[in-house]
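Written below as structure tokens is the structure these notes are about.
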Amino acid sequence: LPDSIDWLEVRADIVGDLNSEWIRNHFRGKQLYSLRSRQQGGLFESSLEERFDRLSNAARSYDLVEIEERDLSCDRLLSAIPTHKRVIAWHGDAFLNLNTRFKQLAAVPALFYKLVGTAKEFAPLLLLKSLKRRDIIAYSDGPLGFWTRVLAAHLGAPVVFGDASSSSATTTQPLISKLIDDFGLPSLGSVTRIYGIVGDKAAQSLSPRLHNAAYRASDCAALFMPFQVDSFSEFWREAILTKLCDQLGFPIAGLTVTSPHKEAATLVAQTLTPIVRLSDGANVLLRANGYWKAET
């Protein structure tokens, strides 16, 4: 792993209980032990007694231990895991009141609180924006929510998670190498606006790597994001018409649109260039003075 990686999360529900001393011989950063349950999107499904024993044992040697909402009722477990080692995590439907969920978790002291929504939900970002705390990790999981974990870092989230290698078929995390190469993490430059590529294969595009490298080289306060979508009209309604990114402080200023959404892109613009009218398709949308122009 690159030197810029500060944490290594060991998903014990996937790989088992690895020896932390052995890990320290290969990785100099902090170790986070996670035993994610089926209810929280993991693979662990044995008894609570076994769960508590494994988490308690991990606390003796690991720097950090992830515990879930149901673990908080076990006083014996909380006694075994000191506050500075706790990462209290929740994975689920973020359409529920996320502020209320956070207050419930925050009733127990911890180093960090981690709230992960599903798919393309934007509630985790709005939570970060509203609370402005440095101990909350919040984003949406999966390919559709990929851009939220990157933007979360610009909203104060102290950690961005990624997969160490492409060999794991059990996670939907982006590769660490992609986070570094495409978005320049862990460095965070100034961002005043967002550009992006919209499409059903946007996650595979090289555009973020090329554009973000150019922004950094020219001191341009922008970020280029991959918006992987199933429905262009749904994305437009939920992300653009609501001015979601404007609320977050990062207005979307322009978009590249890929097939099969080029015709749909012409329907949302207020201005169409002659070539767009002729071809009945647009692959670029530009925002100016609150209005959108379609170009190709």
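The values are calculated or read from the model by the stated rules, or taken from the named source; none is laboratory data. None of the values given here were measured: they were computed from a predicted structure. Virtual Cβ from ideal backbone geometry, glycine too; neighbours counted across all protein chains shown. Heavy atoms of the whole protein, side chains included, go into the accessibility calculation; ligands, DNA and RNA do not. Shrake-Rupley method; radii C 1.70, N 1.55, O 1.52, S 1.80 Å.
Over the chain, what percent of the accessible surface lies on carbon and sulfur atoms, probe 1.4 Å?
Carbon plus sulfur share of accessible area: 53 percent.
Based on the Kirkwood radius over alpha-carbon pairs, what is the Stokes-Einstein translational diffusion coefficient of the range 182-230 at 25 °C with 0.890 mPa s viscosity, in µm²/s?
224 µm²/s
For the range 17-74, state which GluC sites (Glu not before Pro) are in a DSSP loop and have at most 10 other beta carbons lying within 10 Å of their beta carbon.
Taking the range 17-74 and a limit of 10 other Cβ atoms within 10 Å, the loop GluC sites (Glu not before Pro) found are GLU45.
Where Lys and Arg each count +1 and Asp and Glu each count -1, what net charge lies around LEU8 among other residues with Cβ under 12 Å from its Cβ?
0
Mind checking the log10 I(q)/I(0) for the range 58-139 at q = 0.17, 0.18, 0.24 Å⁻¹? Debye, one equal scatterer per Cα, no solvent, two decimals.
Taking Cα atoms of the range 58-139 as identical point scatterers yields -0.65, -0.72, -1.13.
Across the range 173-296, how many lysine pairs, 8 or more apart or on two chains, come within less than 23 Å at their alpha-carbon atoms?
Lysine pairs satisfying the spacing and distance rule in the range 173-296 number 5.
Over the alpha-carbon set of the chain, work out the extent along each principal axis and list the three values in angstrom, largest first.
70, 39, 31
Rank-order 128-141, 232-245 by packing density, defined as the average count of other C-beta atoms within 10 Å over each peptide's residues, highest first.
For the peptides 128-141, 232-245, the packing ranking is 128-141, 232-245.
Based only on the alpha carbon positions, what is the Kirkwood hydrodynamic radius of the range 176-296, in angstrom?
This gives a value of 14.8 Å.
Rolling a 1.4 Å sphere over the protein heavy atoms, what is the accessible area per residue of the chain, to the nearest Å²?
Per-residue accessible area for the chain comes out at 48 Å².
What translational D, rounded to a whole number of µm²/s, comes out for the range 1-132 from Stokes-Einstein when the hydrodynamic radius is the Kirkwood one over Cα pairs, at 25 °C and 0.890 mPa s?
The calculation lands on 157 µm²/s.
Would you mind checking the radius of gyration and Dmax of the range 52-100 based on alpha-carbon positions, in Å?
12.1, 36
Can you give the relative contact order of the range 1-78 as a percent, counting alpha carbon pairs under 8 Å and 6+ residues apart?
29 percent
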